[in-house]
Structures are given as C-alpha cells and as structure tokens.
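Colleague: Quick one: structure below, then a few questions.
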Amino acid sequence: MGSGNPVNTRIVAAIAICATVALLSRCSSWRSSYWARVVVWNNVGIGDHKIFPKRMFATRAPATRLARGGAALDGSSRPAALTGYLERVGASSLDDFLEKTDSTAFLVVHNGQLVYESYFNGYERDSINTSFSVAKSFASALIGFAIDDGLINDVSDPITKYIPELEGADYDAITIRHLLTMTSGIRYSGSHQPWTDAARAYYEPDLREFALTIVAEESPGKSWEYNNYHPILIGMIVERVTGERVSEYLERKIWKPLGMEFAGSWSLDNTGFEKMESGINARSIDFAKFGLLFLNDGSWNGERILSQSWVHESTRLNEQDSSILRGVRPGHEMSKEASAYKYFWWINPRPDVEDDFFAAGNLGQYIYASPNKGTVIVRNGRSWGGFERWVDFMHDLSDTVADSID
C-alpha cells in the first residue's frame with residue numbers, strides 16, 4: 001500500500017487543529033490546561049498583556065515628568081555615525097529607520113533630559129508595551145530592595161533557606177546569586193517548541209508548582225545558561241520574605257517612589273502569581289525612568305531609593321566575576337564585544353571607562369544605559385524588525401548624543 005497523499009494529511013491536521021481551537025475557545029476551563037494555552041495562544045507577541053490575567057500596580061500623584069532637552073535629537077536627520085545602520089534597512093533618517101524596523105517606541109534621555117521621544121506603527125505615548133525579559137531586571141532589583149530592607153541576608157544565601165520544598169542534594173548548593181547570574185545548573189531547554197522548558201515557563205498555569213518539579217543536572221557555578229526558571233524562583237523568594245505579592249512590592253519600592261507617569265500591570269498565571277520572566281506591561285516613558293534609577297546609582301531626584309552597592313554589584317564587572325558570566329545573548333542581536341551577564345542585566349563593555357549595561361527582552365525590547373555618556377535609551381517593538389545589531393546601534397547612538405549635545 002502507498003503512504004498516502006502528504007498534502008491531504010496536512011490539510012486534515014490543519015482542520016483538526018482549527019476545530020480544537022474553536023472548541024477550546026467556547027470552554028472557559030481551557031485556560032487551566034497548559035497544552036490548550038499553547039494551542040490557542042501559540043506564538044508570543046507584544047500584545048500578550050491582553051491574553052493573560054494581570055495585577056495592576058499604581059503610581060502616585062503627582063507623577064514625575066522628565067524635562068525635555070533644549071538640544072533635542074533631530075529624528076529627521078541622518079547622523080554620520082549611524083549611516084551604516086540606516087543604510088542596512090534603506091532608511092533616510094532616524095525616524096524612518098525606527099519605522100522600518102517595526103519599532104513601537106524609541107526614547108533617548110541624556111543628562112536627565114528627554115532629548116528624543118517618538119512612537120511608530122500605530123503606537124502612542126500611552127500605548128502599553130509588553131516587556132518580555134526586561135521584567136527580569138525589575139525582578140533582580142526587588143532582591144536588592146529586600147536585602148536593603150533586611151529581609152534577605154545577601155545573595156550567598158542558599159535558595160532552600162526560602163524555598164525549603166527544594167531541600168535535597170541537587171538544590172542545597174544553589175544560591176540566590178547562582179539564579180541571578182544564570183549559573184545554577186538547573187536543566188533548561190531554550191527553544192520555543194511546546195514541549196520545551198522555555199514554553200513551559202511562559203504558559204504553565206501554575207508556575208510555582210511547576211518550578212518545584214525542575215531538575216538540577218550539574219553543580220552550580222560550572223557553566224552559564226539562560227534559564228527562565230530562575231526568575232520564577234526569585235519571585236517565590238520575594239513573595240515569602242516580604243509577605244506581599246510581587247506586584248505590590250514593586251509598586252511600593254519602584255513604581256510609586258519614581259512617580260511613574262502611568263499605572264502598570266504584571267501578567268499572572270492562573271494562581272495569581274506573577275509571570276516573573278516576562279510579564280511587566282508598561283509605557284515606554286516609565287521603562288526609561290527605571291533605567292535612570294540604575295544610571296543614577298539608585299538615587300532619584302536626590303533621594304536614595306536603592307543602595308548604590310546593589311546597583312554596582314548588578315551592573316559592573318569586578319575581579320571576582322568568573323568568565324562563565326560571559327556568553328551569547330538570546331535573540332538575534334549582536335554586539336561589538338561579547339557581553340557579560342550579571343543579576344539579570346547584560347553588560348556591554350567599554351574599554352577603559354565605565355561599561356554600558358542593558359535589560360533586553362524578546363522581539364527587541366530594551367532599556368540601555370550608558371553611565372559614561374549619561375544616556376538611557378528605550379526601544380520597544382513588535383519584532384526585531386529584521387535588524388540584528390540593536391546593541392551596537394544604541395552604543396553608537398549614545399556616543400552621538402553625548403558628542404553632539406554636550
């Protein structure tokens with residue numbers, strides 16, 4: 001007998017999938033099933049804040065508004081240092097480049113002043129952007145706040161001190177620092193096929209319960225691997241030491257003290273636990289303020305918000321940092337140098353001066369900070385935009401802004 005017509009087989013499979021989706025969409029209980037969520041929601045997108053339940057966090061009144069710089073960056077210009085990037089996508093100006101690379105928002109803050117702010121592809125100033133892995137840098141900051149508050153001793157604490165359910169030979173040696181530096185040895189498969197850990201960490205209806213089933217397959221500290229289970233465990237620690245929802249602690253320690261201009265939200269699993277690896281949803285201007293907090297060593301308008309020691313430990317390399325912290329960043333972007341990774345922040349080295357650092361998320365979400373140039377850049381987008389050198393672009397744009405405005 002023959003093997004049959006493969007085209008017909010594919011058609012039947014497609015019809016079956018469509019029928020399953022249609023059936024599930026009529027049943028409210030499907031959201032409690034991991035596989036149903038994968039089938040119905042499928043690929044991630046910048047609008048994912050609309051599909052997950054969420055918890056809001058408020059700002060305070062009056063909001064803090066960034067002053068606008070008199071020497072603003074001209075979006076209609078074609079800066080010489082950026083010509084190569086613009087030519088790569090056939091753009092005539094900075095604005096044209098950002099439009100063509102599927103950006104939704106792009107902001108540049110220099111010396112505390114907003115020198116460029118533009119929105120593209122149907123997005124406006126009050127449009128919500130899903131942060132994806134930029135949320136990890138917020139999660140890391142919450143550990144810093146908890147240490148400042150005396151709720152955690154330091155990052156050398158074993159995670160089993162706070163999550164005793166994991167006690168055993170595989171987990172006893174893993175510390176908070178191992179989680180923050182992605183060196184825990186916990187098994188992880190990073191592709192986005194439905195059966196992989198990356199998909200599980202994104203779609204599981206009960207992230208806390210699932211995190212307790214993950215396996216440590218090598219000793220901590222031996223190698224670096226990007227792992228979305230780490231921020232889930234960090235979130236569980238934050239909940240337990242503060243006695244608050246993670247979003248509530250974020251609101252109290254970051255959102256209100258910084259006077260964010262808009263309320264934000266954190267996407268949740270079905271149990272009400274924050275999607276720690278990706279779920280903060282906010283406006284670009286408020287992402288910029290978070291970058292400024294770290295650019296200013298944890299101070300805000302002259303007030304100490306977060307300890308300088310935590311900011312430096314999170315974003316600066318020192319002699320004790322092992323070479324295992326150096327690795328290839330996730331996604332498609334490339335850099336002038338091999339970046340390092342610390343405490344859920346990427347570090348982009350600058351020779352002989354203070355290094356740049358940045359938070360990075362799927363589809364090209366960035367908060368990029370250059371202490372040496374006094375600059376914070378935020379890029380949000382619907383996709384990478386067919387462009388693979390966002391880090392290089394923001395590095396060179398920081399130079400351009402500092403050179404032209406100063």
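The values are calculated or read from the model by the stated rules, or taken from the named source; none is laboratory data. What you see is a predicted model; the values in this text were computed from it and never measured. Note that we place each Cβ from the backbone using ideal geometry, even for glycine, and neighbour counts take in every protein chain shown.
Colleague: Does region 201-224 hold any residues that are touching a Pro at 6+ places or on another chain (Cβ under 9 Å) and either basic (K, R) or closer than 20 Å to S140 by Cβ (or both), and which are they?
Modeller: Here is the first cut: in region 201-224, the ones touching a Pro at 6+ places or on another chain (Cβ under 9 Å) are 201, 203.
Of everything in region 201-224, just one residue is touching a Pro at 6+ places or on another chain (Cβ under 9 Å) and either basic (K, R) or closer than 20 Å to S140 by Cβ (or both), namely A201.
Colleague: Next question, about the same structure. Out of curiosity, is V246 surrounded by 23 or more Cβ atoms within 10 Å (Cβ to Cβ) and either farther than 28 Å from I46 by Cα or under 21 Å from the mean Cα position of the chain (by Cα) (or both)? Break it down into steps so the answer makes sense when it comes.
Modeller: Details: surrounded by 23 or more Cβ atoms within 10 Å (Cβ to Cβ): yes; either farther than 28 Å from I46 by Cα or under 21 Å from the mean Cα position of the chain (by Cα) (or both): yes.
In short, yes.
Colleague: Say whether the condition of being among the aromatic types (F, W, Y), assigned by TED's automatic domain parsing to the domain that holds S383 and more than 22 Å from the chain's Cα centre (by Cα) is met by at least one residue in region 80-96.
Modeller: yes
Colleague: Determine the pairs where a residue that is more than 17 Å from Y366 (Cα to Cα), located within region 86-99, has a partner that is among the charged types (D, E, K, R) and crowded, with 18+ Cβ neighbours inside 10 Å with Cβ atoms under 6 Å apart, the partner being 6 or more residues away or on another chain.
Modeller: Correct list of pairs: V89/K100; A91/K100.
Colleague: Looking at the structure I just gave you, is N153 at positive phi and assigned to a loop (DSSP other than H, G, I, E, B)?
Modeller: Details: at positive phi: no; assigned to a loop (DSSP other than H, G, I, E, B): yes.
Here the answer is no, as N153 does not meet what is asked.
Colleague: How many of the residues making up region 213-243 are exposed (fewer than 15 other Cβ atoms within 10 Å of the Cβ) and at pLDDT below 95?
Modeller: 7
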